1. Which one, Arg98, Arg123, Arg157, has the greatest fluctuation when you compute a Gaussian network model over the chain with C-alpha springs under 10 angstrom?
2. Mind checking the per residue accessible area of the stretch 173-215 for me, 1.4 Å probe, whole number of Å²?
3. Report the relative contact order of the chain, percent, no decimals, based on alpha-carbon pairs under 8 angstrom and at least 6 residues apart.
4. Please return the longest stretch of the chain lacking exposed loop sites, where GluC sites (Glu not before Pro) count only if DSSP places them in a loop and at most 13 other Cβ atoms lie within 10 Å.
5. So if we plug the beta-carbon distance of Glu116 and Glu46 into 1/(1 + (r/R0)^6) with R0 = 22 Å, what FRET efficiency do we get, rounded to 0.05?
6. Explain nothing, just compute: Karplus ³J(HN,Hα) = 6.51 cos²θ - 1.76 cosθ + 1.60, θ = phi - 60°, for every residue of the stretch 51-57 in order, whole Hz, x for Gly and Pro.
7. Using label points projected 7 Å from each Cα along Cα→Cβ, tell me how many nm separate Thr193 and Arg109, to one decimal.
8. Give the calculated FRET efficiency between Arg98 and Asp39 to the nearest 0.05, with a Förster radius of 22 Å applied to their Cβ-Cβ distance.
Amino acid sequence: MQSAMVDLMPSGIAVPERDAVLGQAIPFDRDRWLAHLPDANWWPPELDECPTAAGRRQVDRSVVFGIADRSDSVEGRRHLLTAALVWGTGTKARSVARRVRVFSDSSPRDIDARLEAALDMLRQEGAVAAYYAFNNEHRIRFLGPAFFTKVLYFAGREERTGAWRPLILDRFVALALRASGTDGEWHTSGWRTPCYERYLSLVHGHARREGVLPDQIEAALFTHGKHLVRRPR
């Protein structure tokens, strides 16, 4: 699929520098997570080395990328899943409670098998095939697209199979895409595989024209989508 010449963001929306993207830090509460993991071995040790701000440890994208470097093992994939969930959730008890349902509704063995299969698909056939796998036969209950695309994004690192790197697609990114006037059904959840493929095509095409990396465009879309939610109506 070829990307059309589409301006994904209104003029005046800044594309962040890559260092700013990698440094996007999210606070977390270690104890809230440890209480709900299958066991303490699912907790990545790197998270205990994260810097503290305002009394909370904060994990950024660069740390999760480092954890993802170990995703060729069972323990490494477990750590990647936990780290991606922690980075994407924040500290609110209600948000953490929703995310940890991933662990309470599936056995560790089932999660391991599905993670391995989807990430193997990423390495062998690329981001779109891996998205389909995570969204269908290798679906993990309560791990929806907004979060399994985080797993794919960090596992994808800089290398890729196929035309595109995996990128995060969540409701804020979708709201920004909807506002941009691009074609496609940009719902705030439940995106089917062709929608994700269209998203990757658009963002990679836009990144090439801007001379930046695709996750810089994703981060800009995310920020713009959050602004749209907060803007007075």
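1. Arg98
2. That works out to 44 Å² per residue.
3. In percent, rounded to a whole number, it is 24.
4. Values: sites that count: Glu17, Glu137, Glu158, Glu159, Glu185.
The segment 18-136 is the longest one with no such site.
5. Efficiency computed from Cβ-Cβ geometry: 0.55.
6. x, 10, 9, 6, x, 10, 5
7. That separation, rounded to one decimal, is 2.8 nm.
8. 0.60
The values are calculated or read from the model by the stated rules, or taken from the named source; none is laboratory data. In this text the structure is predicted, and so the values were computed from the model without any measurement. Quick reminder, even Gly has a Cβ in these numbers, built from the backbone with ideal geometry, and neighbours come from all protein chains shown. What goes into the accessible areas is simple: the full protein's heavy atoms, side chains included, and nothing from ligands, DNA or RNA. Shrake-Rupley method; radii C 1.70, N 1.55, O 1.52, S 1.80 Å.
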